[in-house]
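Take a look at the structure set out below.
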Amino acid sequence: MSKKSSKKIIGVSTYETKKNGTMYRVHFTYQENGIKQTYDKRGFKTKKEAENHMILVKADIDKHGELIKECKLTFLQVYDEFLEVGTNKYQANTIHNTTKYYNDFSELLSYPITKINYAMLQRFFNKRKDKGIETNKNLKKAINRIFNYALDVGYIKINPITRVTVTGVENHINHDDVLSHDDFIKLTSALDEIGTFNYHAYSIAIQISYYTGLRVSEVCGLEKKDIDFENDLIDVNKKLVYKGLKKVELYTTQQMKSKKSKDIIPLFKDLKQVLIDWFEMNPYQKVICDKNGYYINPDVLAISVKRISKKLDIDFHFHMLRHSFATNLINSGVDIKTAQELLRHSNFNTTLTVYTHVNEEHKKDEINRVFESICVNSVSKTDSENLVN
């Protein structure tokens, strides 16, 4: 592709029309991939308008080495093309999360992709302020992927959604909740006491995540060969793909959340014994599977465990296990670099955010402990003085 255009003829000329009289025309030639091309556009009412247009077109050619023609595709057509062509750099679960918001952004589908601007998108999200904020954030991400594809292939020059602000109703579920060790024991014991193979598998999944911080898709993708009992290590090298798939369609992929997600992590001695006992009961190569050896869909696991946790008055969701792991590390004095390695965060700031949050909570607990102790001692001293008097 030619880096710079070579313009042989550059000019603004006039022509006469019966309806509007004198009009202006932009006409020039340029080189595109070594081939002479001609640009010709009419209909300008003033010379200044024609000259400004010519400057913009020339700048566009100089920047791209070719003339970017106006795209007439609708948002729907670009969306369909994105699913056909532009999904390679995304994980399967991410593409599923994009398609599941189809109905939410359906009112945009008929508009030409080039006519959708910031103001239109901001009005679109303003109308959704009564929806959940997490839903709106994920919807914005889904639309953003489509616009990024349009940007990559040259259908648009800027992504209009990047400056859009989303609001919404706060979700009452706090995904930073921590599962106490007592509740962890209570929940896993209750699952084991049910006595079925599947519920034992649910308990094992929770125990693995609690002691390793693995994400649910990573836990459910583990195989027995990934567990090294001799050296007390777990090889985290894949995850389960499950969104929108039937039980028999679930599969694992080595395309992880980040490069850092693949790692070899230590196997805690108590978890080691749990897994040794489980492997004697489980005849399949999958670590987490149902009684027939199929992968367990994490959504099914979540629903099943939720029923039990509600009975125990434990507000449980699987991701809290990863946050509990981080909290236990930091509150036990593990340095932030080691915590980053154990959590397999690719970004140091991600670990730092967790570290800051946990220590803020820890400082609150400590200040309460200090002054509760002072108050108790003060009351005791006053009572003693009253007795003496």
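Rounded if a/c is under 1.5, else prolate if a/b is larger than b/c, else oblate: which is the range 196-286, with a ≥ b ≥ c the root eigenvalues of its Cα gyration tensor?
oblate
Mean Kyte-Doolittle hydropathy of -1.0 or higher plus an axial Cα length of 27 Å or more: which whole DSSP H helices in the chain meet both?
133-152, 348-388
Among Lys238/Lys262; Lys89/Lys239; Lys89/Lys257; Lys239/Lys262; Lys247/Lys272, which pairs are too far apart, with a Cα-Cα distance over 18 Å?
With Cα atoms farther than 18 Å apart: Lys247/Lys272.
Cross-link partners among lysines for Lys129, C-alpha distance below 17 Å, same-chain residues fewer than 8 apart left out?
The reachable lysines, counting only those whose Cα sits under 17 Å from Lys129, are Lys137, Lys140, Lys141.
Sort the chain into rounded, prolate or oblate with this rule: let a ≥ b ≥ c be the square roots of the eigenvalues of the Cα gyration tensor; rounded if a/c is under 1.5, and if a/c is not under 1.5, prolate when a/b is larger than b/c, oblate otherwise.
prolate
Could you pull out every residue, at least 5 positions away or on a different chain, whose amide H is within less than 5 Å of the one on Tyr39? Hs are placed 1.01 Å off N in the peptide plane, and Pro or chain starts have none.
Here the answer is Phe28, Thr29, Tyr30, since their amide H atoms fall under 5 Å of that of Tyr39.
Relative contact order of the chain, please, whole-number percent, based on alpha carbon pairs below 8 angstrom and at least 6 residues apart.
Relative contact order of the chain: 12 percent.
Listed highest first by mean packing, meaning other Cβ atoms within 10 Å per residue, what order do 128-135, 186-193 come in?
Most protected by this proxy first, the peptides run 186-193, 128-135.
Could you please report the charge total around Asp226, scoring K, R as +1 and D, E as -1 over all other residues with beta-carbon less than 15 angstrom from its beta-carbon?
Surrounding charge for Asp226 is +2.
The range 104-177: which chymotrypsin sites (Phe, Trp or Tyr not before Pro) are DSSP loop and have at most 11 other beta-carbon atoms within 10 angstrom?
none
Quick check: from the Cα gyration tensor, does the range 215-342 come out rounded (a/c under 1.5), prolate or oblate?
rounded
At R0 = 22 Å, how high is the FRET efficiency between Asn159 and Glu51 if r is their beta carbon distance? Nearest 0.05 is fine.
0.15
Going by average Cβ density within 10 Å per residue, which order do the peptides 211-221, 242-252, 312-322 take, highest to lowest?
Averaged packing, sorted descending, gives the order 211-221, 312-322, 242-252.
Quick note: the coordinates plus some simple rules give every number you see, no bench work behind them. Note that the structure is a prediction, hence the values are computed from the model and not measured. Cβ atoms come from the backbone with ideal geometry, glycine included; neighbour counts cover every protein chain shown.
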